[in-house]
Amino acid sequence: MSSTHGFELVETREIPEINSTAKYYRHERTGLQLLSVENDDDNKCFGVGFKTPVDDDTGVPHILEHAVLNGSRKYPIKEPFVELIKTSLQTFINAMTFTDFTLYPVASTNNQDFYNLVDVYLDAVFYPNITKQTFQQEGWHYEVKSKDDPLLFKGVVFNEMKAAYSSPDRMLGEKTRVAILPDTPYAKSAGGDPAAIPDLTYEKFVSFHRDYYHPSQAHVFFYGDDDPEQRLKLIDEFIKEFERREVDTQIPVQPRWDEPRERTEKYDAGDADGDSSKSLMTVSWLLTEVSNEEDMLALEILDHALVGTSAAPLRKALIESGLGEDMTGGGLNPYMREALFSVGLKGIKKEDVKTVENLVMETLSKLADDGIDKDTIKASLNTVEFQLREKNTGRFPRGLAALIQIMPTWLHGGDPVDRLAFEDALESVKKKYAEDETYFEELIGKYFLNNKHRSTVTLEPDPQVKVKREAAETDRLETVRKAMGDHELELIINNVGELERRQQTPDTPEDLAKIPSLSLADIDRKIKPVPQEELVAHDAPILYHDLPTSGIAYVDLGFNLRSLPTKYLPYVPLFGRTLTQMGTESEDFVKLQQRIGANTGGIGTTSMTSKVVTSEETNADDTAAYLFLRGKAMVHQTGELVDILRDILLKVKLDNRDRFKQMVLESKARKEAGLSSSGQMAVISRLGAHYATADWASEQMSGISNLLFLRDLLERINNDWASVLSDLKEIHKLLINRQAMLANVTLESDNWKTFKPQLETLIGDLPTADFAAQNWSHSSLAEREGFTVPAQVNFVGKAVDMYAAGYEKDGSYITILKHANLDYMWNRIRAMGGAYGGSMFFDYPSGTLSFVSWRDPNLVGTLRNYDGAADYLQKIELSDGELEKAIIGAIGEVDQYQLPDAKGFSQMQRYLIGVTDDMRQKTRDQLLGTTVADFKAFGVRLAEALKKSKIAVVGSPDALAKANEDLDEKIDIANLL
Ligand SMILES: [Zn+2]
């Protein structure tokens, strides 16, 4: 057996599915496993993963995930991770805690940058400085500033999980997993239950690292066009001090049940009085080990057939029952040793739980008996196959998507290479289906109807949950406090002071310089233009981008929203959904969805709104706003794609009250869920609405205004469907107009020759009418707004108008904001404030600068920190080296990796808002030339702008009421959830 750098080659396999050669190695001395995937993808990806099973709810893997990124042997600074985000060209960098493993992935398109990232990450996981202080900062500690103050718990993960535990959707997922896998580590919380996190000791934390973060336990993954031998060499070098160490990390298979089980849990209903119509539920089955490749692929197709689209029979039955607002469960979950399948409803009455459960069972039984519609199977087979081949992972590196896909198999003893080579399993499934038409129905019998390992979980609202949880925490803290002598309390106060001091003390320049980084000389000074040809067909512009898409045509049809009067704006996202989800005059929506699934890679809608950059001063025509119908298909499918688009646009059937109402209910439920988990989006949107018509319109379409509109719309659907229908018809008439549209295509030139005439014919078939852009009139919002939601944390926002304060746009703002976000904002809002994050955003078309924090335990303190940003910038001192790093980090931000379809879409967006390649180059030149004086000047303008600011907060009622006691200028508080 040959050995290279201490590695034994176990298996080599060509994987044409991903144009790769995979080599699977084992390190001879330590047993470290390494999967080396060689291909020509320049978005190189590396990951190191460890199995991290838990036996309690203290969240030790999650806290460790945060803590190891707080400095290591070679890089003894506070946060190497933040330093890398600041200074590298990374296309991905993060760390993730899954239910039974922890993963540290990075990606970059630059070779040297890639090695730099790998080096810092390996040092972090194998040699972290996990001191008591990092444990306290990231995990938990007692917080008290003076002897008269009450004792509190504080810590980054503690706060993060408090927010997570106040999300009913998250709790449902957690309780579902616990219920169905009660005899395994999956019955515990890897993320951490806030009630249990303070049970974690430093000793256990350190021993967890020693046992599980050992090379003998490590799964290392490389992917891309870097030198394969270098991979082995650098890993071998890194682990030379380690010997083999055996630790039992085996996760048992869950013993199967003879009878289905049920359980009911409570969740925090906030201040609502336990409204009985707000329960959530799932029905779940334990399926098979994820290493069972063929069944897993078949189950993936079955999952799509059952719940993958709005027309899928199980989803449809649930939604159409009218018993709840939206589906829960998410279907197939392949991320643990054994796969689960869960479905259910939320927004239901608790007495309906049994009815929903029966409905699920009856629907499955009927499908098994009568057979699943053949067109549904055909659509699901095509869709899953299209996705496997397209590998469109969006901004997520393809290598990382592959890694996450194989991890569960790899960790539990399966062959990681098998998981990447899908062709055999796909052929086998297709063959079995061709030979036996009842193949998928038999799977329903095997995995659902005859599978007794089933659990039904109900989550009921209970206002006492929060009260009890808070009381338990207070009691616990008071008991600790009473048992403490003066001396002990003093030590704790000192410790808090120490933690703050540590946080505030900057790293030394010598230590910071140890983080490897590129130099400005390595940076491309020129922008990378995206090819674009401008054509016209029947008065409509077509933008064509000649990019290699592997024979897939990507087409976007954009309809100018300026055709619509103001009052129709809130309808836009719903109207977009009606196009693909209501059916046409000749096909109901099930048939339409089947046709889309069987013949294309998918059709969807999205909208964009932005201020146009070329208009210097505010005028009527400064807003670009479009609704896009986006489709994709293999080139041999484009004829069918065009036919479907034509039917959708010309023959959409709007008169279906029940179907429309379901969509409104779903949208409303999703918005409400989003407010508690990611309220920062609503906050930013609300703030932007003050300054630019475009952003005001966007808030109408997607923000808090839209939620209010949806609630009102539900009433109107019930009481006055005729008026809703006439609105929808009017929108359709105004919007589908080839005088006010454009098309955008991304495709190789050879294939474009085939597709172009098809597209031109389609455009010619669309209605034509004179177009005059509407002027949108809008009322103003209160300057300081607070919206209460039943969360234990806040999303705090503040915004200013930089242009009104005399700032003139200069590309240096990208460097300035990136640096300030990772230095000042990160330290103040996250590290010291305990929020999950905080950031400044600058919308250069409008000049709006917004500050926002998410999952933030503070409110007034955060607002003060925002104000402090101006002073921070005015007084900033940066060495040449620091400035250079900041610039490189900012370039990484501008040069985000994009797949061809995303490049084409971005280029069209730039076209619509008036950004030319010359402007992009100028911005890049300015960015590359950022000086310390630019930082200071930005700070001066920010100080000026802050004199007139707007505030928006989504947060807990207590925090908002308390804030108004402290603030001179009161916040207008409205109850939102
Ligand atoms: Zn976390």
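Miscellaneous remarks
- Condition check for G955: of a type outside the set (D, E, K, R) and farther than 30 Å from K162 by Cα: no
- Verdict on P252 being open to solvent by 50 Å² or more (accessible area, probe 1.4 Å) and more than 21 Å from T328 (Cα to Cα): yes
- Qualifying residue in segment 172-182 (condition: touching an Asp or Glu at 6+ places or on another chain (Cβ under 7 Å) and within 16 Å of the ligand (Cβ to nearest atom)): no
- Criterion violated by K729 - all others in (1) farther than 26 Å from L649 by Cβ; (2) under 35 Å from the mean Cα position of the chain (by Cα) satisfied: (1)
- Condition check for A886: modelled with pLDDT under 95, within 16 Å of the ligand (Cβ to nearest atom), under 28 Å from S517 (Cβ atoms) and of a type in the set (G, A, S): no
- Within segment 342-413, helices (runs of 4 or more DSSP H) holding 3 or more residues that are more than 30 Å from Y223 (Cα to Cα) and without any contact (Cβ under 8 Å) to a residue 60 or more places away in the chain: 353-370
- Taken as a whole, the structure places A67 among residues that are buried (at least 23 other Cβ atoms within 10 Å of the Cβ) and within 15 Å of the ligand (Cβ to nearest atom).
- Segments classed as helices (runs of 4 or more DSSP H), wholly inside segment 433-533, with at least 2 members that are in contact with a helix residue (DSSP H, G or I) (Cβ under 7 Å, 6 or more places away or on another chain) and at pLDDT 95 or above: 439-444
- Flag if D57 is more than 16 Å from the ligand (Cβ to nearest atom) and of a type in the set (D, E, K, R): no
- Of the listed requirements (1) over 22 Å from V118 (Cα atoms); (2) at pLDDT 95 or above, S3 misses just one: (2).
- Beta carbons closer than 7 Å, at least 6 apart along the sequence or on distinct chains, never pair a first residue in segment 718-734 that is assigned by TED's automatic domain parsing to the domain that holds F660 with a second that is open to solvent by 30 Å² or more (accessible area, probe 1.4 Å) and among the polar types (S, T, N, Q).
- Restricting attention to segment 71-84 and to residues that are open to solvent by 10 Å² or more (accessible area, probe 1.4 Å) and within 15 Å of the ligand (Cβ to nearest atom), the residue that is nearest to I888 (Cα to Cα) turns out to be F81.
- Test for I93: is it within 16 Å of the ligand (Cβ to nearest atom), within 30 Å of D522 (Cα to Cα) and in contact with a helix residue (DSSP H, G or I) (Cβ under 8 Å, 6 or more places away or on another chain): yes
Matching residues to (1) without any contact (Cβ under 8 Å) to a residue 24 or more places away in the chain; (2) farther than 30 Å from P957 by Cα; (3) open to solvent by 50 Å² or more (accessible area, probe 1.4 Å):
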{"position": "H778", "(1), (2), (3)": "no, no, yes"}
{"position": "E785", "(1), (2), (3)": "no, no, no"}
{"position": "G797", "(1), (2), (3)": "no, no, no"}
{"position": "S812", "(1), (2), (3)": "no, yes, no"}
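- Considering segment 129-163, and only residues there that are under 30 Å from F238 (Cβ atoms) and more than 16 Å from the ligand (Cβ to nearest atom), the residue that is surrounded by the fewest Cβ atoms within 10 Å (Cβ to Cβ) turns out to be K132.
- Only residues that are under 23 Å from the mean Cα position of the chain (by Cα) and not in a strand (DSSP E or B) were counted across segment 839-861, and they come to 2.
- A count restricted to segment 852-880 and to residues that are out of contact with any Asp or Glu (no Cβ under 9 Å at 6 or more places or on another chain), aromatic (F, W, Y) and away from the ligand (no atom under 16 Å from the Cβ) stands at 1.
This table checks each residue for (1) of a type in the set (D, E, K, R); (2) open to solvent by less than 30 Å² (accessible area, probe 1.4 Å); (3) within 24 Å of E748 (Cβ to Cβ); (4) not assigned by TED's automatic domain parsing to the domain that holds F81.
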{"site": "L489", "(1), (2), (3), (4)": "no, yes, no, yes"}
{"site": "V496", "(1), (2), (3), (4)": "no, yes, no, yes"}
{"site": "P506", "(1), (2), (3), (4)": "no, no, no, yes"}
{"site": "Q532", "(1), (2), (3), (4)": "no, no, yes, yes"}
{"site": "T549", "(1), (2), (3), (4)": "no, yes, yes, yes"}
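- Residues of segment 648-682 classified as among the charged types (D, E, K, R) and open to solvent by 30 Å² or more (accessible area, probe 1.4 Å), total: 8
- Pairs, first closer than 30 Å to P461 by Cα in segment 244-265, second assigned to a strand (DSSP E or B) and charged (D, E, K, R), C-beta under 6 Å, six or more apart: P260/R454
- Taken together, K430, K446, K378, K452 contain a single residue that is under 23 Å from I18 (Cβ atoms), assigned by TED's automatic domain parsing to the domain that holds L314 and open to solvent by 30 Å² or more (accessible area, probe 1.4 Å), which is K430.
- Verdict on Y866 being of a type outside the set (K, R), open to solvent by 10 Å² or more (accessible area, probe 1.4 Å) and outside the structural domain of K611 (by TED's automatic domain parsing): no
- Candidates are the residues of segment 194-229 that are closer than 25 Å to G31 by Cβ and of a type in the set (V, I, T); the one that is least open to solvent (accessible area, probe 1.4 Å) is V220.
The values are calculated or read from the model by the stated rules, or taken from the named source; none is laboratory data. All values reported here derive from a predicted model rather than from experimental measurement. Every residue, glycine among them, receives a Cβ derived from its backbone with ideal geometry; neighbour counts consider all protein chains shown. Heavy atoms of the whole protein, side chains included, go into the accessibility calculation; ligands, DNA and RNA do not. Shrake-Rupley method; radii C 1.70, N 1.55, O 1.52, S 1.80 Å.
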